[in-house]
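We did not get these values from a lab; they are worked out from the coordinates using the rules stated. These numbers come from a predicted model, not from an experiment. In this analysis, Cβ positions are derived from the backbone assuming ideal geometry, glycine residues included, and neighbour counts consider all displayed protein chains.
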Amino acid sequence: MSEGLKYDPANMPKIDLSNFQPNYSNMLAQQISESERQASRAMEAVQRERERKEAAEEAYRQETIRSLNAIEQNTANLYTLVDLISKSNEQQDELISIIAEVLTIAKAKSQGEAKSVYTKVMGRITQTIKDAETLAKIAGYATTVWQLAQPIIDKLPL
């Protein structure tokens, strides 16, 4: 030791070492609590992901069902149209013209144009076709095309 400093244990301050001992029970409780919080957050994240996937799968199923129904309806409409054209000798050309005009709904450049074409076609159908069954079938076909084109039409400018 240096000359000016002398070690005198009697003059040394007393330090309570009990305050420096770790409290293992508190540390363990804190670690367990933190682990539980992390596990809970992880489980919540897993649950949210599961719910998101289930919702996406349900939306996919619903869209698939809608598409299959549309395909079924289109197939039925095609059969109906072919049957109508083959049976309506006196109105074959007129029916073909109306069917072609109905399809122009899908190529409209605006919502207004699509609505105008649909209204015009429906008017032409009711004025031209006198047979109630044929009228109902062609009007049903026009309405189906309108409904199928609706998601596209809704995205067009007004």
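Hey, among Arg50, Arg37, Arg66, which residue is under 25 Å from Gly140 (Cβ atoms), exposed (fewer than 13 other Cβ atoms within 10 Å of the Cβ) and not aliphatic (A, V, I, L, M)?
Numbers: Arg50 fails: under 25 Å from Gly140 (Cβ atoms); Arg37 fails: under 25 Å from Gly140 (Cβ atoms).
Selected residue: Arg66, the only one of Arg50, Arg37, Arg66 that is under 25 Å from Gly140 (Cβ atoms), exposed (fewer than 13 other Cβ atoms within 10 Å of the Cβ) and not aliphatic (A, V, I, L, M).
If you check Glu94 against the conditions, is it surrounded by 12 or more Cβ atoms within 10 Å (Cβ to Cβ), out of contact with any strand residue (DSSP E or B) (no Cβ under 6 Å at 6 or more places or on another chain), over 25 Å from Gln150 (Cβ atoms) and without any contact (Cβ under 8 Å) to a residue 40 or more places away in the chain? Criteria met by Glu94.
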